[in-house]
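Below is one structure, written out as structure tokens; the observations come after it.
The values are calculated or read from the model by the stated rules, or taken from the named source; none is laboratory data. Because the structure is predicted, anything quoted here is derived from the model rather than measured. As a convention, Cβ positions derive from the backbone with ideal geometry for all residues, glycine included, and neighbour counts pool all protein chains shown. For accessibility, only protein heavy atoms count, side chains too; no ligands or nucleic acids. Shrake-Rupley method; radii C 1.70, N 1.55, O 1.52, S 1.80 Å.
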Amino acid sequence: VTLITPALRELVEDIPLLVAHFTEKVCLELNLPRKQFTQEAITVLMNKNWPGNVRELENVVRRAVMFCPHPLVGVDDLNFVETSVSHSGQDGGADDFESNGRFEAYKDA
């Protein structure tokens, strides 16, 4: 039996539900206070051109939930996510990022 599963970029409308599910799962697994993603953060995730599958989204949510010190996970907590669409239209954190939104390579830094 061959199962063909669509890529995450083809299931954009499911991303908010998946984010909520993975957030709750991570908080329970790690015994963290309940957290929630802001609408802006979800929009950034929905605008990302996901080359991978749902597991990639789960890993992004896990990292954001683990390292966010607040009950609301915002866009700033997703600064490690490469997106094809900027969330603000402005260059953010020029001290931390190159102009393309990626960290510099260790050898270049």
### Query
Among the residues of the stretch 48-60, is any modelled with pLDDT under 80, open to solvent by less than 80 Å² (accessible area, probe 1.4 Å) and of a type outside the set (A, V, I, L, M, F, W, C)?
yes
## Note on the structure
Taking the stretch 38-65 and keeping residues within 13 Å of HIS21 (Cα to Cα) and among the polar types (S, T, N, Q) leaves ASN59
### Message
Whether any residue in the stretch 9-28 is surrounded by fewer than 16 Cβ atoms within 10 Å (Cβ to Cβ), out of contact with any Cys (no Cβ under 9 Å at 6 or more places or on another chain) and not in a helix (DSSP H, G or I) is what I want to check.
### Response
no
